[in-house]
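Enquirer: Here it is, the structure in full.
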Amino acid sequence: MTGPLHDLRATLDAALADLGLPAPKSAPSLEAPRQADHGDVATNAAMLVAKAAGRQPREVAQELADALAARLGPALASAEVAGPGFLNLRLADAWYIEALGTVLAAGDSWGGGGADPVRRINLEFVSANPTGPIHVGGTRNAAYGDALGRILSFQGHAVHREFYVNDYGSQVRRLGESVQARARGQEPPEGGYLGAYVTELAAQIEGAADLPVDEVAQLAVELMVAQAQESLARFHVIFDRWFSERDLHEGSPTPVEHAFDVLEQQGRTFREDGALWLRTTEFGDDKDRVLERSSGEHTYFASDIAYHQEKRERGFDLLIDVWGADHHGYVPRMHAAYRALGGGADELELLIMQFVHLVEGGERGKMSKRAGEFVTLDDLVGDIGVDAARWFLLARSHDTTIDLDLDLARQQSSENPVFYVQYAHARIASVLRKAGPELVAQALAAGDVAPSEGLHPGERALLRRVAELPDEVREAAERRAPHRIASYALETAQLFSAFYRDCQVVGAEPQAEAFRLRLAVAAQRALASALDLLGISAPQEM
RNA sequence: GCGCCCGUAGCUCAGUGGAUAGAGCGCUCGCCUCCGGAGCGAGAGGUCGCAAGUUCGAAUCUUGCCGGGCGCGCCA
């Protein structure tokens, strides 16, 4: 990955090497300081290096300043030592102007690429039981998994998206029994499914009252899966594969039997009390787990192991599963099982999504799944729309529970952050329309132009943020943290608004107009990319 | 009891070793002869749950406590 900031970091590393001191243990910071009067970028490099060298940090910082001045030449306006040994750098307009050229040259791909090495990743998410509609928890999982997939793909990884369909076992039979009961005008049995959708399924399945219950169950599951596919597609979430759990129990040997063979060859299984066990405690689990009950039936865990073995054999470098918080207790045994199969500890990543509470009128809504009253993906999207739903589900870290304020999400004004970001994008489009395609094309071809009076601080700040996109994408990818992209989009929109307020674009003196049109295009692309990574639309007008 | 996640402004949350801790909402006060006012600006508001420790430096790392959520089946 290249870019102006990447180049600056490389220069910093080189300047540090010039000093002939031992390399720092951790990478030096290179960030915009909070205080504007601390310059454009600041680094703690001298403090990190000075300790190991037994030198005074401020002294080392001054030597580093000299080395950087020599390497950067006119691109560096000033370098000052501050505080305990920070080095505050002020970059010349020339640096910014060249940076803008680099950003624009990358076109729509600015911020992307950089995957090294490129990995083949299987990303499994949602995987909601097909015994009911997808609810808000599954919706968060869908938004998160999809955005993570978009980010990893943007970086250049080969991402395969998969939904594991639990269409096998006792719960499916229970769904069939519930549907059949409704078809007969009866209440579902104890422990059955109570939602209104069960009655709808009964009406959709011809002969549901009289068909064998297993057949009713299969038809019901097929309808539920089709419904999930439609809902997710409307939510802009598309999977490469819907993997059927049933397939793990077919063939000879079945994938489950095959997985058992693998585990046995690895010497990880044993029989006790008539059951087949997996010694997961060898890999850090609290207790060993049953694979095959004394009754001869396989556990759900057995299916899951077989599924992961199957994914392994398809040749991925990395398996990522996105699970709901209610399954987090299951993480240690799955990791243990994967290693028992012979897999590497770093080949399987299990990510846990925390819960979502919907808030309306300042109160948390009650979502009792047992009573069959819960807010579904379709309900949420119908209420606040795809873009707002995705924004509010993605703007927070996946490992914190969130309260989603429906009143705020519904607002079509700048009080709503997603609207604010989209508005900034549309406003840039409006400015570019005002300028007209010819003027914009000329500006893009103009090369290193700049306002004759020098750059405005608002121009520097916006450009700086646009230049940071690759770093933000990399951080979001490495930390599996799409919410960073949402923060980035909001900040970039704010910086554009400030720039727009302070700097007249269309009608400014020709040099300034050309530079500002170039900057507007770059900012628009950065906003569009950020929104696209979140699966949110970037409108030309609103 | 054990395990995982969380505790930062009135509310919802960013911030995984750097300087005076940020944003959105809410609240108060301003701004329409000016490229989109569906907008913009300013302000008030904080013992970063508590206490020790590591460090030149801790919201961030360690340990212990307190509080909240979730999970601990030969269920799926």
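The values are calculated or read from the model by the stated rules, or taken from the named source; none is laboratory data. Nothing here was measured: the structure is a model prediction, and the numbers come from that model. Neighbour counts run over all protein chains shown; Cβ positions are idealised from the backbone, glycine included. These area figures cover heavy atoms from the full protein model, side chains too; ligands, DNA and RNA do not enter into them. Shrake-Rupley method; radii C 1.70, N 1.55, O 1.52, S 1.80 Å.
Enquirer: Considering only the range A:300-314, I want to know if a residue exists there that is surrounded by fewer than 21 Cβ atoms within 10 Å (Cβ to Cβ), in contact with a Lys or Arg (Cβ under 6 Å, 6 or more places away or on another chain) and in contact (Cβ under 8 Å) with a residue 24 or more places away in the chain.
Expert: So far as the range A:300-314 goes, yes, one or more of its residues are surrounded by fewer than 21 Cβ atoms within 10 Å (Cβ to Cβ), in contact with a Lys or Arg (Cβ under 6 Å, 6 or more places away or on another chain) and in contact (Cβ under 8 Å) with a residue 24 or more places away in the chain.
Enquirer: I've got another one for you. Just checking, does the range A:151-166 include any residue being hydroxyl-bearing (S, T, Y), more than 18 Å from A:A481 (Cα to Cα), touching a residue at least 60 places away in the same chain (Cβ under 8 Å) and not in a loop (DSSP other than H, G, I, E, B)?
Expert: The answer is yes, given that some residue of the range A:151-166 is hydroxyl-bearing (S, T, Y), more than 18 Å from A:A481 (Cα to Cα), touching a residue at least 60 places away in the same chain (Cβ under 8 Å) and not in a loop (DSSP other than H, G, I, E, B).
Enquirer: For the subset of the range A:397-413 comprising residues that are surrounded by 13 or more Cβ atoms within 10 Å (Cβ to Cβ) and of a type in the set (G, A, S), which member is nearest to RNA strand B (Cβ to nearest atom)?
Expert: Step by step, filter the range A:397-413, then rank; the result is A:S397.
Enquirer: Further, regarding this structure: Identify the single condition in (1) of a type in the set (A, V, I, L, M, F, W, C); (2) surrounded by 17 or more Cβ atoms within 10 Å (Cβ to Cβ); (3) more than 9 Å from RNA strand B (Cβ to nearest atom) that A:A42 does not satisfy, given that it satisfies every other one.
Expert: The number of the failed condition is (3).
Enquirer: Given the options A:E257, A:E264, A:E282, A:E245, name the one that is modelled with pLDDT under 95 and within 29 Å of A:Y330 (Cα to Cα).
Expert: After applying the criteria, what remains is A:E282.
Enquirer: Looking only at the range A:312-329, how many residues end up being within 16 Å of RNA strand B (Cβ to nearest atom) and more than 23 Å from A:H357 (Cα to Cα)?
Expert: Quick first cut of the range A:312-329, residues within 16 Å of RNA strand B (Cβ to nearest atom) only: A:320-329.
Retained after the next criterion (residues that are more than 23 Å from A:H357 (Cα to Cα)): A:320.
Counting residues in the range A:312-329 that are within 16 Å of RNA strand B (Cβ to nearest atom) and more than 23 Å from A:H357 (Cα to Cα) gives 1.
Enquirer: Looking for whichever is under 26 Å from A:A461 (Cα atoms) and either in the same structural domain as A:G454 (by TED's automatic domain parsing) or buried (at least 18 other Cβ atoms within 10 Å of the Cβ) (or both) here; the options are A:A82, A:A77, A:A92. Which one fits?
Expert: A:A92
Enquirer: Within the group A:L263, A:L232, A:L248, A:L276, which residue is outside any loop (DSSP other than H, G, I, E, B) and within 11 Å of RNA strand B (Cβ to nearest atom)?
Expert: A:L276
Enquirer: Pick out, from the range A:416-506, the helices (runs of 4 or more DSSP H) lying fully within it that include 3 or more residues that are of a type in the set (V, I, T) and more than 7 Å from RNA strand B (Cβ to nearest atom). Step through it out loud before you land on a result.
Expert: Working: elements: A:417-435, A:437-445, A:457-467, A:469-478, A:483-502.
Of the helices (runs of 4 or more DSSP H) lying wholly inside the range A:416-506, those with at least 3 residues that are of a type in the set (V, I, T) and more than 7 Å from RNA strand B (Cβ to nearest atom) span A:417-435.
Enquirer: Among the residues of the range A:338-358, are any aromatic (F, W, Y) and free of Cβ contacts under 8 Å to residues at least 12 places away in the same chain? Give the steps one after another, and end with the answer.
Expert: Step one: filter the range A:338-358 for residues aromatic (F, W, Y), giving A:338, A:355.
Still in the list and also free of Cβ contacts under 8 Å to residues at least 12 places away in the same chain: none.
No - not one qualifying residue is present in the range A:338-358.
Enquirer: Among the residues of the range A:518-529, what is the count of those that are open to solvent by less than 20 Å² (accessible area, probe 1.4 Å) and within 14 Å of RNA strand B (Cβ to nearest atom)?
Expert: 6
Enquirer: Can you confirm whether the range A:371-387 contains a residue that is without any contact (Cβ under 8 Å) to a residue 24 or more places away in the chain and either touching a Lys or Arg at 6+ places or on another chain (Cβ under 6 Å) or near RNA strand B (Cβ under 8 Å from one of its atoms) (or both)?
Expert: Scanning the range A:371-387 turns up no residue that is without any contact (Cβ under 8 Å) to a residue 24 or more places away in the chain and either touching a Lys or Arg at 6+ places or on another chain (Cβ under 6 Å) or near RNA strand B (Cβ under 8 Å from one of its atoms) (or both).
Enquirer: Do we have any residue at all in the range A:218-226 that's part of a loop (DSSP other than H, G, I, E, B) and either within 29 Å of the chain's Cα centre (by Cα) or modelled with pLDDT of 95 or more (or both)?
Expert: No, the range A:218-226 contains no residue that is part of a loop (DSSP other than H, G, I, E, B) and either within 29 Å of the chain's Cα centre (by Cα) or modelled with pLDDT of 95 or more (or both).
Enquirer: For residues that are closer than 19 Å to A:Q412 by Cβ and charged (D, E, K, R), scanning just the range A:376-393, find the one that is modelled with the lowest pLDDT.
Expert: The qualifying residue modelled with the lowest pLDDT is A:D383.
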